[in-house]
Each structure stands twice: as C-alpha cells, then as structure tokens.
Amino acid sequence: MTSNPVTVTAAYRVVPGREADFHSWGWAMLGASAQQPGFLGGGVLVDGEAEWHVVYRFESDGTARAWEDSTAKVRWDEQALGIARQTDRRSVPGSKAWFDSQTLAPRTPAPPSKWKLWFVNMSAVFPPVLLFNLIALPYLGGLNPIVRTLVLCLCVTALVTWILMPRLQRFFKKWLYPPLQALRGRHKRRTA
C-alpha cells in the first residue's frame with residue numbers, strides 16, 4: 001500500500017422500494033472499479049436508515065481521479081439515475097481522517113413522509129376528541145364556547161402528549177422508519 005491512498009465516499013438517497021436494486025448496482029459498480037489500476041477495495045454501506053454510501057479506495061489521488069473521469073464510471077452513474085440520487089461526495093486522503101470523529105459524525109435519519117405522520121397524528125387525536133364530544137360535551141354544554149374549547153384542548157393535548165403518542169410511535173416505529181435488517185433480508189431473498 002502506498003503512503004497516500006485516497007478514499008472516496010459517495011452518499012445517495014435511494015428511491016423507496018429500490019434499495020435492493022441500488023445494493024446490486026453499488027456492488028457491480030465496485031466490481032468494475034476493481035478492474036482499474038490502483039484500486040484497493042470498497043463497499044456499499046447504509047448510514048442509519050436514510051442514506052446509502054458507496055465507498056472505494058485507490059492507492060493515490062491520480063488513480064482515484066482516473067476512475068472518476070473514466071467513461072465506464074460515467075456509464076455506471078447513468079445507470080443509477082432511476083434508482084438513486086447522489087447527495088454528497090467526499091474524497092479523503094490517507095486513513096487518519098477515517099478515525100476523526102468529525103468526519104464520521106452520524107447523520108440523523110430522514111423524517112418519515114408527511115402522510116405517515118398525518119396518519120399517526122390522526123390516530124392519536126381522533127379517539128380522544130370523539131370520546132370528549134360523546135361523553136363530556138353534554139355536561140359542558142352550558143359553558144362559554146371558549147372555555148369549553150379550552151377544556152377540550154387541555155384534555156386532548158395531555159392524553160395525546162403523554163399517553164397516546166408515545167405508544168403509537170413505538171407501535172408504528174418499523175413502519176415510520178423501516179429497519180435496515182428488513183432491507184438486507186429483502187435483498188438476500190430476491191437474489192437467492
């Protein structure tokens with residue numbers, strides 16, 4: 001190994017449902033890069049549950065640039081267009097930076113889609129509002145509408161914040177944030 005190897009990390013946002021395709025594409029692209037002079041190794045990684053990374057290492061900046069500028073690499077990038085979008089690219093000389101905590105700072109996972117959040121919120125808010133209207137509203141009918149609405153908001157907000165939402169978030173966790181193990185398992189079943 002030379003004294004100045006270069007590690008390249010390309011981060012991708014994968015189209016939902018195309019994770020196995022991206023995984024196959026990444027390893028195939030690395031197989032092609034292994035044919036280039038100076039290739040030292042690589043891999044396909046998942047950072048949290050939001051981003052995928054293709055990491056490869058060359059013996060020098062020149063050999064890494066030769067691969068990056070090659071027509072073969074351009075063709076591989078074109079193949080990825082339908083399954084993923086590159087969000088970041090880093091080129092790190094040497095190996096010291098891989099052990100630097102700032103370089104490897106974990107990224108927060110992407111938030112769930114808005115419609116999933118809406119569904120969980122509706123599941124938490126609708127039952128207590130319905131129960132309040134059926135059970136408590138007949139007894140509060142003589143109150144000022146502002147006071148009645150305030151009582152409704154206080155009761156429902158307390159129930160949702162401390163009782164319902166924590167339980168629903170735990171219950172829907174795998175749906176809101178699909179686990180990595182399921183993605184890996186799905187890929188293995190498809191290729192087998």
Q | Pairs of Cα atoms farther than 16 Å apart, segment 118-172, % | A | 43
Q: Can you tell me the order of 30-41, 56-67 when each peptide is scored by its average per-residue count of other Cβ atoms within 10 angstrom, highest first?
A: 56-67, 30-41
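A short reminder: the numbers here are calculations on the coordinates, not readings from a lab. Note that the structure is predicted; figures quoted are calculated from it, not measured. We place every Cβ from the backbone using ideal geometry, glycine too, and count neighbours over all the protein chains shown.
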